[in-house]
Ligand SMILES: O=C(O)CCC(=O)C(=O)O
């Protein structure tokens, strides 16, 4: 079978890694950026691909068929968006706010009908009734706020929103970006039989200093009060992180440090707000002490080449 745009190399590397025979230089960040871009261009999620490759060890033919079965005509490619929507989404004030605080809120990132469609899709996927609070605690996916709904049309429509793409382009200062194929989230009010399961404050990025520029994002599909499980981060920490990491060079582990001691702040928002944050901010969800669930979609755009270190800390 023909190699499809580098898929064979990706499949071969995964099979070698699975067998424990992958050479160290095959795991470099450039290779990672290439492979993740390839998967995003085909419209498949990273975790679903890893689960498929590592759990099922498919033949190359089966893997290619699996990838190609995903609809790639979703408008996720850098040249697929409408140039008429090319005006700035983030104002100079927004950009300065991001520079100072390391996060920014994009209002009306998607239309009301688009966010309602995604919210409906999540209720439907979970098999829950928004008017029946008992149903909010009967999740088929276990005790987690993650909702692995990746390929619903409404979710794809938000992921490819021109306003969202443009905001990420402005922050990255480049346009060779693809949206990650990421999941949704459902964080109901905490109960004694359903304590908040996290994610608590953490970093997803490599903590080898200097921590490079990188972005993450969350779209609020419903109004989200500060006490409603809101996204929480430590504003401004991107300016301090390298010095902070250096303080661990002889003793301690930044991954086990009590990040709650760094003065985190919940970021409330309206339905349709997208919060974008610098990867160097400690961040997480929070416990929901309100009366309604927090319902979100995770959306990030990443470039086709890597600025990350090869050594993971
Ligand atoms: O759901 C949230 O508010 C936080 C999400 C998060 O921690 C992440 O995307 O890494």
All but one of (1) farther than 17 Å from residue 218 by Cβ; (2) in contact with a strand residue (DSSP E or B) (Cβ under 7 Å, 6 or more places away or on another chain) hold for residue 160; which doesn't?
(1)
Hey, does region 33-45 have a residue that's out of contact with any strand residue (DSSP E or B) (no Cβ under 6 Å at 6 or more places or on another chain), surrounded by fewer than 15 Cβ atoms within 10 Å (Cβ to Cβ) and modelled with pLDDT of 80 or more?
no
Do we find that residue 276 is touching a helix residue (DSSP H, G or I) at 6+ places or on another chain (Cβ under 9 Å), within 16 Å of the ligand (Cβ to nearest atom), touching a residue at least 40 places away in the same chain (Cβ under 8 Å) and in the same structural domain as residue 90 (by TED's automatic domain parsing) in this structure?
yes
Filter region 208-222 down to the residues that are under 9 Å from residue 295 (Cα atoms) and not in a strand (DSSP E or B), then identify the one that is farthest from the chain's Cα centre (by Cα).
222
Scan of region 281-313 for residues that are part of a loop (DSSP other than H, G, I, E, B), in contact with a helix residue (DSSP H, G or I) (Cβ under 9 Å, 6 or more places away or on another chain) and within 13 Å of the ligand (Cβ to nearest atom), ordered by number
281, 282, 293, 299, 300
Quick test of your reading of the structure: residue 241 fulfils all but one of (1) away from the ligand (no atom under 15 Å from the Cβ); (2) under 24 Å from residue 194 (Cβ atoms). Name the failing condition by number.
(2)
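For residues in region 206-233 being closer than 21 Å to residue 172 by Cα and near the ligand (Cβ under 10 Å from one of its atoms), which is surrounded by the fewest Cβ atoms within 10 Å (Cβ to Cβ)?
Step one: list which residues in region 206-233 are closer than 21 Å to residue 172 by Cα, which gives 206-219, 233.
Now narrow it down to the ones that are near the ligand (Cβ under 10 Å from one of its atoms): 216-218, 233.
Values: 216: 23, 217: 25, 218: 25, 233: 25.
So, considering only residues that are closer than 21 Å to residue 172 by Cα and near the ligand (Cβ under 10 Å from one of its atoms), the one surrounded by the fewest Cβ atoms within 10 Å (Cβ to Cβ) is 216.
Can you find even one residue in region 255-272 that is over 26 Å from residue 36 (Cα atoms), crowded, with 19+ Cβ neighbours inside 10 Å and more than 12 Å from the ligand (Cβ to nearest atom)?
Residues of region 255-272 that are over 26 Å from residue 36 (Cα atoms), as a first pass: 256-272.
Add one more test, that the residue is crowded, with 19+ Cβ neighbours inside 10 Å, and what stays is 259, 264, 267, 269, 272.
From the residues that got through so far, the ones that are more than 12 Å from the ligand (Cβ to nearest atom) too are 272.
Scanning region 255-272 turns up at least one residue that is over 26 Å from residue 36 (Cα atoms), crowded, with 19+ Cβ neighbours inside 10 Å and more than 12 Å from the ligand (Cβ to nearest atom).
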Taking the condition of being closer than 16 Å to residue 218 by Cβ and crowded, with 21+ Cβ neighbours inside 10 Å, how many residues in region 183-202 meet it?
5
The condition of being part of a loop (DSSP other than H, G, I, E, B) and farther than 20 Å from residue 217 by Cα holds, among 252, 272, only for 252
Among the residues of region 187-205, write down those that are in contact with a helix residue (DSSP H, G or I) (Cβ under 9 Å, 6 or more places away or on another chain) and more than 10 Å from the ligand (Cβ to nearest atom).
188, 189, 191, 193, 194
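The values are calculated or read from the model by the stated rules, or taken from the named source; none is laboratory data. All of these numbers come straight from a predicted model, not from anything done at the bench. Ideal geometry is used to build each Cβ from the backbone, glycine not excepted, and the neighbour counts take in all protein chains shown.
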